[in-house]
Amino acid sequence: MAPHQDEEVYKQLVEFITTNQAHFYRFAYRYIPNEQAALDVVSNAVYKALTKYQNLREMNHLKTWFYRILINESMTYLRKNKRMLAIEEIDFVMGYQHQYDIDELNLYQNVNALPDKLRVIIILRFYEEMSLEEIATITKLNLSTVKSRLYKALKLLKLELKESDFYE
């Protein structure tokens with residue numbers, strides 16, 4: 001890239017990050033139910049994006065490129081801190097119970113219990129309101145794979161929620 005192009009890409013990236021930081025935090029927090037950990041994940045993703053912005057080949061892929069970094073940072077954090085998170089999640093859920101409807105808590109717990117490859121699809125589709133095509137790009141999966149994982153995740157959630165009387 002030419003120096004002028006580099007500056008323009010960097011400016012657009014900074015604007016994108018600034019405008020969407022609440023979305024990024026919400027995504028990370030749904031993945032990692034710990035305020036400080038979610039903030040750390042977002043900070044790491046922002047740092048990586050700002051230091052590696054030259055790797056962004058097309059500006060129209062900025063959103064999917066950044067979410068890919070955010071997902072990778074979330075997964076890295078989860079791998080490194082799995083045991084610690086299990087204890088913190090118990091505290092989170094106990095505090096959460098008092099603030100929200102029990103059905104919402106039940107849904108939240110069931111989404112978090114999904115395998116990572118299914119959970120990320122649910123979070124991106126329903127919480128981040130992304131299209132299946134965007135999810136396919138972010139996860140580097142075929143569209144048909146995204147659809148089948150979405151279907152499988154919804155089926156699992158429906159079964160779990162039925163068992164817990166969510167539908168009654």
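The values are calculated or read from the model by the stated rules, or taken from the named source; none is laboratory data. The structure presented is a predicted model; accordingly, all values stated were derived computationally and were not measured. When we count neighbours, we look across all protein chains shown, and the Cβ atoms used for this are built from the backbone with ideal geometry, even at glycine. Surface areas here come from the heavy atoms of the whole protein model, side chains and all, with no ligands, DNA or RNA. Shrake-Rupley method; radii C 1.70, N 1.55, O 1.52, S 1.80 Å.
Listed values, structure above:
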| item | result |
| --- | --- |
| Any chance residue 120 is closer than 16 Å to residue 38 by Cβ, open to solvent by less than 80 Å² (accessible area, probe 1.4 Å) and either modelled with pLDDT under 90 or not in a helix (DSSP H, G or I) (or both) | no |
| Residue selected from segment 26-40 under the condition in a helix (DSSP H, G or I) and either touching a residue at least 60 places away in the same chain (Cβ under 8 Å) or in contact with a Leu (Cβ under 7 Å, 6 or more places away or on another chain) (or both), by the criterion nearest to residue 125 (Cα to Cα) | 27 |
| Among residues of segment 123-168, those that are at pLDDT below 90, within 18 Å of the chain's Cα centre (by Cα) and open to solvent by 70 Å² or more (accessible area, probe 1.4 Å), counted | 2 |
